[in-house]
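The block underneath contains the structure these notes are about, expressed in structure tokens.
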Amino acid sequence: MNRLLCTTLVKYSQWNAIKPNRTVQWCALSTSSSSLQAAAEQNTATSQHYDIIIAGGGMVGTALACALGKNTRLQNKNILLLEAAAGFKQPSTEQYSNRVSAISKGTYRLMKTIGAWEEIEQTRVKPVLKMQVWDACSDALITFNYDDFSENISWIVENDVLLASIYRQLENVPNVHVRYSSKIASCELIRDGADKSTVRLSDGETLKCDLLVGADGYNSLVRRQMGVQNFALAYNQMGVVATLRLANGPTDNVTAWQRFLPTGPIALLPLNDDTSSLVWSTGVAEAKRLLQLDGDSFIAAVNAAFHKPMPRNTLVDDVMKGVNTLVKQTTGQRLEAAPVVEKELPSSRAAFPLGLGHTSTYVGQGVCLIGDAAHRVHPLAGQGVNLGFGDVQTLVDVLADANYAGLGISNLSELLRYEQQRLKHNVPVLLTTHSLQRLYSTDFVPTVALRSIGLTLTNAFPPVKKFLMNYAMS
């Protein structure tokens, strides 16, 4: 495995060896042009100061701004959210968006805390009571649900709905300022005796802050300015998304379905009683082919991916017969057929590249990273945005405690507490999703047999399933 990832694992497992006076060497980013540099120099004397500047107004950055502004221990802090776009996208009232997230219980609690959940419920949200995952090469399966369906496993929310609901909460937070059409050209971090970080916008304006938070995605400018290493791995896959209408009319659509094909997983996530969201991870060439298909051909391909039997190996079948005989008294669960798809909603088909990423450190003096700027995972476990929202909750708690204790919000020792807590959660999730992606991207017979045995045995022991479910959706 790459040296950087190994270094991260050592760091994750040896936190007692970390000293509070750790120093980080920063490398400078040059300004984009000589004219921009001249304009910045002219503005230096009159530059605006904020306690916290958040770079990136996506779901995670906006949630951080809202959570910081609403925290009673941080209401004396002046916070600025910078977003390059002209404004956030209002959710459509006529059609579901093709980008959705499976919200964990931890994210649900965060949305309740900042007041966004009521807005989400009034717009659109679908609870998930059950999830069925199965291996196309053996039909080995695992089913997740709480006893008597007493609790939701997760909630499916469109990204546009989530973002708009959070932004509306900011309208009533006086110490948070949002600036759209504000693209960062460069930044200088606290170093060489400077006690403030400097942010220069593309229009030449200069801003200063005590804490700069990079929430600017996996191509993060803030991360590059920190000069830290970033482990990145392209999976040579794309995620094809679409919004699909189910056949056979309205049903009690509360199950999320995921079938692992040798080329990658395909999933259906419920949106309402007759509509689901598709997330299909597959090779780049196949993804591009799927994007070019006409509507009927695409629907046929989706139904085949969920229902068409895969070639079976007699050795794997014999092994699984023995395993199923062993556990038949433990579970009576059988593989249920996924819904049949009837049609695709107009203009909902799209694709995006998939990859893995993790930076060597999340923090420095007066700077930290959250969300995709710090880590990037495969969507097969639905953990990407939940990891980012987990970063938000932990960072807010750490900053609130530090501010209340008079330690300052740019204190490296305190920011290291945030990094330590998040590494303990993020690294296991990152390694698990990466391992699953590799494990289920092959039809090699011994691998198919071993993963099928593991899936079946895990499904046979409810305490193990409950632990996995609680950990993934905590």
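The values are calculated or read from the model by the stated rules, or taken from the named source; none is laboratory data. Quick caveat, the model's predicted, so the values are computed rather than measured. Neighbour counts run over all protein chains shown; Cβ positions are idealised from the backbone, glycine included. The protein model used for the area step is the full one, side chains on, heavy atoms only, and it has no ligands, DNA or RNA in it. Shrake-Rupley method; radii C 1.70, N 1.55, O 1.52, S 1.80 Å.
Annotations
- All positions within region 284-298 that are assigned to a helix (DSSP H, G or I), open to solvent by less than 60 Å² (accessible area, probe 1.4 Å) and more than 13 Å from residue 239 (Cα to Cα): 295, 297, 298
- Scanning region 204-224 for residues that are under 23 Å from the mean Cα position of the chain (by Cα) and not aliphatic (A, V, I, L, M) turns up 214, 216, 217, 218, 219, 220, 223, 224.
- Qualifying residues in region 241-281 (those that are among the aliphatic types (A, V, I, L, M) and assigned to a loop (DSSP other than H, G, I, E, B)) - the one nearest to the chain's Cα centre (by Cα): 254
- Segments classed as strands (runs of 3 or more DSSP E), wholly inside region 299-383, with at least 1 members that are closer than 29 Å to residue 474 by Cβ: 350-359, 367-369
- Index of the failed condition, residue 382 passing every other in (1) more than 30 Å from residue 283 (Cβ to Cβ); (2) in contact (Cβ under 8 Å) with a residue 60 or more places away in the chain; (3) buried (at least 23 other Cβ atoms within 10 Å of the Cβ): (1)
- Residue 126 within 29 Å of residue 261 (Cα to Cα) and modelled with pLDDT of 95 or more: yes
- Residue in region 73-80 that is more than 17 Å from the chain's Cα centre (by Cα), over 30 Å from residue 200 (Cβ atoms), assigned to a loop (DSSP other than H, G, I, E, B) and modelled with pLDDT under 90 present: no
- Search result, residues across region 151-166 that are open to solvent by less than 10 Å² (accessible area, probe 1.4 Å), in a helix (DSSP H, G or I) and of a type in the set (S, T, N, Q): 165
- Candidate set: region 140-150, residues that are assigned to a loop (DSSP other than H, G, I, E, B) and open to solvent by less than 30 Å² (accessible area, probe 1.4 Å); chosen: the one farthest from residue 62 (Cα to Cα): 140
- Selection count, region 167-197, where residues are outside any loop (DSSP other than H, G, I, E, B) and among the hydrophobic types (A, V, I, L, M, F, W, C): 6
- For region 206-213, the criterion of being within 30 Å of residue 379 (Cα to Cα) and either surrounded by 21 or more Cβ atoms within 10 Å (Cβ to Cβ) or at pLDDT 95 or above (or both) is satisfied by at least one residue.
- Every residue from region 397-419 that is open to solvent by less than 20 Å² (accessible area, probe 1.4 Å) and small (Gly, Ala, Ser): 400, 402
- Qualifying positions in region 230-278 - farther than 23 Å from residue 308 by Cβ, open to solvent by less than 30 Å² (accessible area, probe 1.4 Å) and in contact with a Gly (Cβ under 9 Å, 6 or more places away or on another chain): 231, 235
- Residue 394 satisfies every condition listed in (1) surrounded by 24 or more Cβ atoms within 10 Å (Cβ to Cβ); (2) not in a strand (DSSP E or B) except (1).
- Any hit, region 259-271, residues being over 20 Å from residue 338 (Cβ atoms) and touching a residue at least 60 places away in the same chain (Cβ under 8 Å): no
- Of all residues making up region 98-124, the number that are part of a loop (DSSP other than H, G, I, E, B) and either open to solvent by less than 20 Å² (accessible area, probe 1.4 Å) or among the hydrophobic types (A, V, I, L, M, F, W, C) (or both): 2
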